[in-house]
Amino acid sequence: MTRPATGQDILDFAVARLGARYVWGSVAPKDDPQYFGPYDCAEVPSHAVYQKAGILYGCDQDKDPAIADAATYFWGKDARYRGLIITSAEAAVIPGAVVLRLGATGGTGHIAICDGQGGTVEAYNADRGVIRNQVAGRRWTMGIMVPGIKYQIPDSRPPALPPVTIYRLTSPRMTGETVRELQQRLQIRGYEVGQADGVFGPKTYAAVLKFQRDQGLLIDGEAGSLTLAALRQ
């Protein structure tokens, strides 16, 4: 009798893809076990889940795994209707669970596979490809466990992740001195934000996107600790 797929299987499959290229909008043939990229962020976990569990998850259609396009939006949709939603702190300590950030207003989403020790494996960007990273210090909407996969869940409840403020395009707008500093530093670097008024609006969002692209950061238009640190150098 074949044993059920485990979260560790999902993680191991993703680890074997470290170094694969990142291309935004790429579609991995989920039924091809030899495929090694290119990937975008949602394609890695969807490819792993199909290969190890035979489940087509987080994709735009559920008929042909060879052409099914994975996306963070579809991962969120499947989590609501098919999967088990957990917290990002819980996902961080479960090998093979995923953490998902749905796109905010005007922004893009992102997804990563957890290694169970606070780290991740994820398709990051075109400069770095599939890499190891971390869960903490980033904005996540939810953690997800896929039904039909056996996960190793710790007996004790994990501690909450340290709080982090991510400056981004929201409604109502995020405001404050940190936003003003962000705008001023973008202006110094030659990125147009309009007036440095301390309001994170569309022009600031567009400038953050350009800065992240130029610096080889995750291109999501959200200014977290890594983006702010790069601007302060």
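The values are calculated or read from the model by the stated rules, or taken from the named source; none is laboratory data. As the structure is a computational prediction, the values presented were derived from the model and not from experiment. Backbone-built Cβ (ideal geometry, glycine too); neighbour counts: all protein chains shown.
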### Task
From 76, 96, grab the single residue that is under 26 Å from residue 221 (Cα atoms) and either assigned to a helix (DSSP H, G or I) or of a type outside the set (Asp, Glu) (or both).
76
### Summary
Per the list (1) out of contact with any strand residue (DSSP E or B) (no Cβ under 7 Å at 6 or more places or on another chain); (2) under 28 Å from residue 92 (Cα atoms), residue check on residue 142 breaks on (1)
### Task
Quick one: residue 90 ticks every box in (1) of a type in the set (Asp, Glu); (2) at pLDDT below 95; (3) not in a loop (DSSP other than H, G, I, E, B) except a single one, so which number is it?
(2)
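Test residue 137 against the stated conditions and say whether it is over 13 Å from the mean Cα position of the chain (by Cα), surrounded by fewer than 15 Cβ atoms within 10 Å (Cβ to Cβ) and over 24 Å from residue 25 (Cα atoms).
On the way: over 13 Å from the mean Cα position of the chain (by Cα): no; surrounded by fewer than 15 Cβ atoms within 10 Å (Cβ to Cβ): yes; over 24 Å from residue 25 (Cα atoms): yes.
Criteria not met by residue 137.
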## Note on the structure
residue 147: passes all of (1) within 29 Å of residue 21 (Cα to Cα); (2) surrounded by 13 or more Cβ atoms within 10 Å (Cβ to Cβ); (3) not aliphatic (A, V, I, L, M) but (2)
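Against the definition (among the polar types (S, T, N, Q), out of contact with any His (no Cβ under 9 Å at 6 or more places or on another chain) and buried (at least 23 other Cβ atoms within 10 Å of the Cβ)), how does residue 88 come out, yes or no?
On the way: among the polar types (S, T, N, Q): yes; out of contact with any His (no Cβ under 9 Å at 6 or more places or on another chain): yes; buried (at least 23 other Cβ atoms within 10 Å of the Cβ): yes.
Judged against the criteria, residue 88 is a match.
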### Query
Going through segment 57-85 one residue at a time, which ones are surrounded by 20 or more Cβ atoms within 10 Å (Cβ to Cβ), within 23 Å of residue 4 (Cβ to Cβ) and either touching a Phe, Trp or Tyr at 6+ places or on another chain (Cβ under 7 Å) or not aromatic (Phe, Trp, Tyr) (or both)?
58, 59, 65, 68, 70, 78, 79, 83
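Can you spot a residue in segment 56-70 that is assigned to a helix (DSSP H, G or I), of a type in the set (Gly, Ala, Ser) and modelled with pLDDT of 95 or more? Talk me through it step by step, then tell me what you get.
Narrowing segment 56-70 to residues assigned to a helix (DSSP H, G or I): none.
Scanning segment 56-70, I find no residue that is assigned to a helix (DSSP H, G or I), of a type in the set (Gly, Ala, Ser) and modelled with pLDDT of 95 or more, so the answer is no.
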### Task
Tally the residues that are in a loop (DSSP other than H, G, I, E, B) and either in contact (Cβ under 8 Å) with a residue 12 or more places away in the chain or outside the structural domain of residue 223 (by TED's automatic domain parsing) (or both), restricting the search to segment 152-194.
27
### Task
Give segment 191-230 a look and list any residue that's surrounded by fewer than 17 Cβ atoms within 10 Å (Cβ to Cβ) and of a type in the set (Ser, Thr, Tyr), or say none.
225
### Summary
Being buried (at least 21 other Cβ atoms within 10 Å of the Cβ), touching a helix residue (DSSP H, G or I) at 6+ places or on another chain (Cβ under 8 Å), touching a residue at least 12 places away in the same chain (Cβ under 8 Å) and assigned to a helix (DSSP H, G or I) narrows 52, 30 down to just 52
### Summary
Note: among 157, 213, just one is closer than 30 Å to residue 97 by Cα, modelled with pLDDT under 90 and basic (Lys, Arg), namely 157
